[in-house]
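Peer 1: Have a look at this one.
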There are 2 protein chains.
Amino acid sequence: MSSLKGYPKFPDVTKEKLERELLPEVFQWAISNGLTIYPPDFKISEAQVAPITLFPTPLPRKAFEDAIDVQKSFNSLYAKISQNHNGWLEEESEKLAKSDPEFTGKLWEIYKRAKEHGISQDLALGVFRSDYLINDNDNQIKQVEFNTVSVSFAGLSTKVGQLHQYLNDSGRYSADGESFFNEEIPVSPSAELLAEGLTKAIQHFKPAASDKKPIVAFIVQEGERNVFDQSVLAFNLLSKHGIQSCRLTMQEIHLKTTLDKSTKRLYLNSTGKEIGLVYFRSGYAPNDFVTQQDWENRFTLEISYAIKAPNLLTQLSGTKKIQQLLTNKNILTKFLPDANSADALLQTFVRIYPLDSSELGEMGKKLAFTNPENFVLKPQREGGGNNIYKEDIPTFLKSIDEKDWPAYILMELINPRPTEENIVIRGEQTFQVPILSELGVFGTILFDNKTVHSNDYAGWLLRSKFSASNKGGVAAGFGCVDSVVLY
Amino acid sequence: MSSLKGYPKFPDVTKEKLERELLPEVFQWAISNGLTIYPPDFKISEAQVAPITLFPTPLPRKAFEDAIDVQKSFNSLYAKISQNHNGWLEEESEKLAKSDPEFTGKLWEIYKRAKEHGISQDLALGVFRSDYLINDNDNQIKQVEFNTVSVSFAGLSTKVGQLHQYLNDSGRYSADGESFFNEEIPVSPSAELLAEGLTKAIQHFKPAASDKKPIVAFIVQEGERNVFDQSVLAFNLLSKHGIQSCRLTMQEIHLKTTLDKSTKRLYLNSTGKEIGLVYFRSGYAPNDFVTQQDWENRFTLEISYAIKAPNLLTQLSGTKKIQQLLTNKNILTKFLPDANSADALLQTFVRIYPLDSSELGEMGKKLAFTNPENFVLKPQREGGGNNIYKEDIPTFLKSIDEKDWPAYILMELINPRPTEENIVIRGEQTFQVPILSELGVFGTILFDNKTVHSNDYAGWLLRSKFSASNKGGVAAGFGCVDSVVLY
């Protein structure tokens with residue numbers, strides 16, 4: 001690794017120093033500052049340290065800054081798509097609905113019903129995260145996916161950066177008690193900026209009673225373990241912006257809220273407060289909808305006057321299919337006419353093939369069998385953990401009906417450089433094994449059918465996972481929250 | 001309770017609202033903000049919510065402000081005593097040593113050895129907490145004890161105030177989602193101000209190498225559960241003042257530090273950094289010294305050039321015996337000549353009797369048997385939990401040799417008003433039972449043999465315990481951290 005220009009040196013840490021000195025310090029900081037998660041089968045009064053790395057992971061400054069620089073263009077792009085410009089998103093969603101009737105199809109149905117019924121609120125808030133891997137050979141950022149619903153770790157990302165900064169500044173990493181890393185260890189402003197994004201939606205919302213402040217409803221999963229990532233946003237909303245919030249599961253909407261039939265305004269039953277923003281940290285995967293009532297609840301939220309983050313069209317804009325289509329410059333520039341911006345985004349794309357009967361689709365089908373080692377097969381659905389890699393692709397495709405192939409996209413594999421010096425901490429176990437790191441950049445954008453009211457970059461996240469594992473998802477236990485040291 | 005003028009109303013909280021709405025919110029805030037403690041037999045990567053109250057406890061504003069107002073005078077008083085003005089503290093400590101040879105006696109021996117050897121550092125830091133109960137009949141603050149070593153909860157006190165403010169501002173307490181308490185819920189600045197106190201000592205310390213910053217050594221107990229109260233101070237030292245710190249147990253001093261024999265400067269072996277301030281969060285009870293080596297370690301610290309918080313004389317000034325003697329105005333005014341200040345302190349005192357052969361002692365011995373219901377019997381030692389109350393006093397005194405009676409003082413009981421509306425939260429259990437609350441006020445003072453260099457108020461603490469229990473000590477499991485709502 002040292003052959004890379006400016007690549008940071010890492011401290012030599014003996015097992016004894018790690019266990020006797022560093023871990024107690026890491027855990028004290030983490031617990032004292034809420035860098036925590038509920039363990040499986042938890043009691044609500046007890047928590048554990050979130051899966052994290054001991055050190056920040058080196059990233060080339062140029063790649064880090066490139067990812068931040070393109071975020072507002074990505075926000076614009078997906079807002080424009082979500083505005084259903086030329087009916088394109090509806091058209092594509094309708095097609096997608098057919099290849100994934102169980103989930104995308106149901107979201108689409110709910111959207112159609114809501115549209116028929118009448119959608120009372122024009123404003124929509126996008127809370128996005130664009131995820132990248134950095135290509136080993138040229139240090140270019142390459143987009144893995146663009147997330148338009150329930151993006152997580154904005155809260156814990158800030159905290160893990162603060163932890164690494166603390167460990168460095170307090171001299172814990174070094175042998176002489178001085179800072180070990182002289183390179184910059186930035187702290188992600190995501191915990192604050194995401195709360196600011198939510199705030200802008202509330203500021204644009206017109207409450208029924210002008211003297212009463214609307215609140216934010218966090219729509220969450222029952223039994224959520226990653227609560228402390230979410231609660232940071234709620235606390236910042238109140239302490240920095242005076243905005244109250246509540247937590248509701250998709251299962252509780254009809255029990256704990258009331259939709260005024262004529263005005264479509266949504267009220268929290270317990271206090272009578274109007275909900276100005278519905279912020280989804282659930283509703284992105286089939287498991288989030290248990291019964292038909294849950295789908296009805298999603299419908300209620302969609303037709304309500306509350307601003308949704310995201311509304312259904314915005315959520316639907318985040319499918320892999322849309323991501324695939326946008327790699328076509330002709331399509332991309334319809335939504336992002338500015339040539340410089342479009343070029344910057346295009347540079348972050350790898351090749352993505354559909355597996356349908358289009359010309360590109362036929363090429364994809366062939367490549368899946370002739371060169372599977374260069375690809376990953378991804379389902380349209382959000383959530384991760386369901387990807388099929390390399391040589392497993394042909395076997396998998398043969399195991400399903402070819403008519404279901406369009407529910408997947410074939411994506412060129414990105415080849416990031418594993419980091420070998422970092423140490424992953426999960427519970428009290430530590431692992432010094434190669435990790436791969438994914439950089440996510442947050443953005444928020446408030447828009448209606450015609451206008452963009454605000455468009456902001458909102459911090460970043462580094463998530464690392466064992467390089468041997470092909471799966472992601474920190475909360476699921478396969479990865480951890482990391483931060484960066486720039487070189 | 002409503003008959004008291006201005007006494008705050010409390011919300012009606014059903015068991016269902018408590019368990020389904022309030023507790024999850026309380027725990028989320030507490031874990032997200034480090035209002036936590038290690039459970040018994042803990043793993044260092046897991047913690048639980050500290051024992052706390054659901055609501056702030058009402059205190060009369062006048063009493064609260066009175067307690068804050070006298071703190072700097074108390075700081076001055078105990079600094080002057082610790083300066084060994086007229087040899088009084090040495091004289092009294094020598095007497096006390098005889099009645100408590102196992103602990104006070106050993107501290108005294110170490111002090112004498114250190115003095116003979118030569119104490120290289122003139123500067124001493126007092127980190128004090130004066131504890132009060134509020135008398136029911138007249139709302140006057142009455143001093144329970146004055147703590148001169150290892151005062152705790154400066155960190156968690158700030159956090160529990162923030163929690164109660166959050167719960168109020170977020171509308172959780174009320175039925176309508178508005179703030180429930182309109183009265184002030186102050187947040188104790190103790191987490192910040194105590195760190196500032198430690199900082200002043202470091203600023204006055206002259207390091208061996210003028211270009212190298214000295215560090216603070218926290219002397220802690222092995223297996224400490226109240227770590228997160230302490231770590232807040234360490235984090236504030238670094239983030240607000242750029243001062244590093246380390247944690248050492250009394251057992252580790254000879255293994256992890258080196259005393260330069262000629263300069264008496266103390267260095268941390270692992271990094272070579274000079275220790276400028278030794279801050280004791282241990283060393284206040286017999287259990288903190290396991291072997292003779294531990295006493296040697298205390299000796300090493302005392303003769304070192306590092307500033308001690310506290311040094312042995314300052315620690316010895318905190319005995320109940322000294323507290324008892326200071327209730328004598330003639331003695332008090334020798335150390336605090338200013339008549340107004342002395343009067344203000346005197347008003348906070350209850351009657352305290354020695355159990356020795358002095359005139360007052362003979363009176364005490366009589367009262368212990370004729371009117372035990374008005375008294376509490378306290379050992380000289382710090383730490384709490386060993387007090388004997390009311391009718392148990394005669395039985396206890398008869399059970400021990402009369403020559404050991406001078407190791408105790410007999411103190412007039414203070415009659416605080418129980419609070420009946422608050423709810424104590426311990427783990428996931430809740431208790432709505434009457435509680436008694438003790439107000440502690442923190443202070444820091446930096447002084448040498450002649451001069452006081454700084455003297456500061458440093459925030460406050462409210463600790464509540466079940467009124468039925470006669471024991472205190474939150475970490476020991478008999479009490480909880482509370483905050484105040486002023487009326």
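Peer 1: Report, for A:Gly223, each distance to the same residue's label point in the other copies, shortest first and in nm; define the point 7 Å along Cα→Cβ.
Peer 2: Label-point distances to the other copies, shortest first: 3.6 nm.
Peer 1: Any chance you could run the full-extension gain for A:Asn387 through A:Lys450? It's 0.36 nm times the residue separation minus the Cα-Cα distance, nm to one decimal. Mind showing how you got there, number by number?
Peer 2: On the way: separation 63, 0.36 × 63 = 22.68 nm, distance 3.61 nm.
The span from A:Asn387 to A:Lys450 would gain 19.1 nm if fully extended.
Peer 1: Which residues of segment B:411-428 show a drop of at least 20 Å² in accessible area when all protein chains are present, compared with their chain alone (probe radius 1.4 Å, heavy atoms only, ligands and nucleic acids excluded)?
Peer 2: Residues shielded by partner chains are B:Glu428.
Peer 1: Once you order the gyration tensor axes a ≥ b ≥ c over the Cα atoms, which shape class does segment A:331-460 get: rounded for a/c under 1.5, otherwise prolate or oblate by comparing a/b with b/c?
Peer 2: Working: a/c = 1.95, a/b = 1.04, b/c = 1.87.
The shape class here is oblate.
Peer 1: Something else now. Once the label point is set 7 Å along the Cα-to-beta-carbon vector, what list of distances in nm do you get between B:Gly6 and its counterparts in the other copies?
Peer 2: Nearest first, the other copies' label points are 6.1 nm away.
Peer 1: If one computes the Cα centroid of segment B:87-157 and of segment A:1-35, what distance in Å separates the two points?
Peer 2: Taking the Cα centre of each part, segment B:87-157 and segment A:1-35 sit 39 Å apart.
Peer 1: Peptide B:34-43: average number of partner chain Cβ atoms within 10 Å per residue?
Peer 2: Numbers: counts 9, 2, 7, 1, 3, 2, 0, 0, 0, 5.
Across the residues of B:34-43, the mean count of other-chain Cβ atoms within 10 Å is 3.
Peer 1: What are the distances, in nm and sorted shortest first, from the label point of A:Asn137 to the label points of the same position in each other copy, with each label point placed 7 Å from Cα along the Cα-to-Cβ direction?
Peer 2: 9.1
Peer 1: Using the reciprocal of the averaged 1/r over all distinct C-alpha pairs, how large is the Kirkwood radius of segment B:271-312 in Å? Kindly include the intermediate steps, with their values, before the conclusion.
Peer 2: Details: mean 1/r = 0.0903 Å⁻¹.
Roughly 11.1 Å, rounded to one decimal.
Peer 1: Under 14 Å Cα to Cα from B:Lys80, which aspartates and glutamates show up? Leave out anything in the same chain fewer than 8 places away.
Peer 2: B:Glu90, B:Asp122, B:Asp338, B:Asp448
Peer 1: Under 13 Å from the Cβ of B:Ala191, count the other residues' Cβ atoms, weight Lys and Arg +1, Asp and Glu -1, and hand me the total.
Peer 2: After counting each charged neighbour, the total is -1.
Peer 1: For segment A:210-301, what relative contact order do you get, as a whole percent, if you take Cα pairs closer than 8 Å and at least 6 residues apart? Mind dumping the intermediate values first?
Peer 2: Values: 121 pairs, mean separation 34.1, N = 92.
Averaging sequence separation for qualifying contacts and normalising by length gives 37 percent for segment A:210-301.
Peer 1: May I pose another question? What's the local net charge at B:Ile110, with K and R +1, D and E -1, over the other residues with C-beta under 10 Å away? Walk me through the intermediate numbers first.
Peer 2: On the way: positive: B:Lys106, B:Lys112, B:Arg113, B:Lys115, B:Arg298; negative: B:Glu109, B:Glu296, B:Glu302.
Combined, the nearby Lys, Arg, Asp and Glu give +2.
Peer 1: Continuing with this model, one more query. From the C-alpha coordinates alone, can you work out the Kirkwood hydrodynamic radius of segment A:189-238, in Å?
Peer 2: Details: mean 1/r = 0.0820 Å⁻¹.
One decimal place: 12.2 Å for the Kirkwood radius.
Peer 1: Determine, for each peptide in B:15-27, B:44-56, the mean count of other beta carbons within 10 angstrom over its residues, then list the peptides with the highest first.
Peer 2: Packing order, densest peptide first, comes out as B:44-56, B:15-27.
Peer 1: Right, here's the next one. How many angstrom lie between the C-alpha centres of segment A:201-247 and segment B:267-313?
Peer 2: Using only Cα atoms, the two centres lie 48 Å from each other.
Peer 1: Also, quick follow-up: Under 1.5 on a/c is rounded, so check that first for the protein assembly as shown, then, if it is not, pick prolate when a/b is larger than b/c and oblate when it is not; a ≥ b ≥ c are the square roots of the alpha carbon gyration tensor eigenvalues. Spell out each step's value before the answer.
Peer 2: Details: a/c = 2.85, a/b = 1.79, b/c = 1.59.
Prolate.
Peer 1: Go through segment A:165-177 residue by residue and turn each phi into a ³J(HN,Hα) via Karplus (6.51, -1.76, 1.60, θ = phi - 60°); whole Hz please, and just put x for glycine and proline.
Peer 2: My calculation for segment A:165-177 gives 4, 4, 4, 6, 5, 7, x, 5, 6, 9, 8, 9, x Hz in order.
Peer 1: Once the mean 1/r over all distinct Cα pairs of segment A:337-394 is inverted, what Kirkwood radius in angstroms do you read off? Intermediate values should be presented prior to the final figure.
Peer 2: Values: mean 1/r = 0.0767 Å⁻¹.
After inverting the pairwise mean of 1/r, the radius is 13.0 Å.
Peer 1: Whole-Hz ³J(HN,Hα) for each residue in segment A:307-320, computed from phi via Karplus 6.51 cos²θ - 1.76 cosθ + 1.60 with θ = phi - 60°, x for glycine and proline: what do you get?
Peer 2: Each residue of segment A:307-320 in turn: 6, 9, 10, x, 7, 5, 5, 5, 4, 5, 6, x, 6, 5 Hz.
Peer 1: Suppose we take every Cα in segment B:310-365 and form the convex hull; what volume per residue is that in Å³? Please report the intermediate quantities before stating the final value.
Peer 2: Values: hull volume 5.4 nm³, N = 56.
So the per-residue hull volume is 97 Å³.
Peer 1: Rounded to the nearest whole Å², what accessible area per residue is found for chain B with the 1.4 Å probe?
Peer 2: Values: 18890 Å² over 487 residues.
It amounts to 39 Å² per residue over chain B.
Peer 1: Here's a follow-up. Within 13 Å, Cβ to Cβ, of B:Glu391, how many net charges do the neighbouring residues add up to if Lys/Arg are +1 and Asp/Glu are -1? Don't skip to the end; give the middle numbers.
Peer 2: On the way: positive: B:Lys390, B:Lys398; negative: B:Glu373, B:Asp392.
Residues near B:Glu391 contribute 0 overall.
Peer 1: Give the shape of chain B as rounded, prolate or oblate, defined through the alpha-carbon gyration tensor: a ≥ b ≥ c are the square roots of its eigenvalues, a/c under 1.5 means rounded, and otherwise the shape is prolate if a/b is larger than b/c and oblate if not. Intermediate results must be reported in sequence, preceding the final value.
Peer 2: On the way: a/c = 1.71, a/b = 1.19, b/c = 1.44.
Judged from the Cα gyration tensor, chain B comes out oblate (a/c at least 1.5, b/c at or above a/b).
Peer 1: OK, next. Translational diffusion coefficient, Stokes-Einstein: compute it for segment B:243-313 using the Kirkwood radius over C-alpha pairs as Rh, at 20 °C and 1.002 mPa s, and state it as an integer in µm² s⁻¹. Working shown, then result.
Peer 2: Details: Rh = 12.3 Å.
D, rounded to a whole number, is 174 µm²/s.
Peer 1: Lysines within cross-link reach of A:Lys5: Cα-Cα under 26 Å, excluding same-chain residues under 8 positions apart?
Peer 2: Within reach: A:Lys62, A:Lys142, A:Lys465.
Peer 1: Run down the lysines and flag those whose C-alpha is under 22 Å from the C-alpha of B:Lys365, throwing out any fewer than 8 positions away in its chain.
Peer 2: B:Lys95, B:Lys98, B:Lys320, B:Lys321, B:Lys329, B:Lys378, B:Lys390, B:Lys398, B:Lys403
Peer 1: Please report how many Lys pairs in segment B:152-256 have alpha carbons closer than 19 angstrom, counting only residues at least 8 apart along the chain or sitting on separate chains. Mind dumping the intermediate values first?
Peer 2: Numbers: B:Lys159/B:Lys240; B:Lys200/B:Lys212; B:Lys200/B:Lys213; B:Lys200/B:Lys240; B:Lys212/B:Lys240; B:Lys213/B:Lys240; B:Lys213/B:Lys256.
Count of close lysine pairs: 7.
The values are calculated or read from the model by the stated rules, or taken from the named source; none is laboratory data. No experiment lies behind these values; they were computed from the predicted model shown. FYI the Cβ positions are ideal-geometry reconstructions off the backbone, even for glycines, and counts take in every protein chain you see. Note: areas computed on protein heavy atoms with side chains; ligands, DNA, RNA excluded. Shrake-Rupley method; radii C 1.70, N 1.55, O 1.52, S 1.80 Å.
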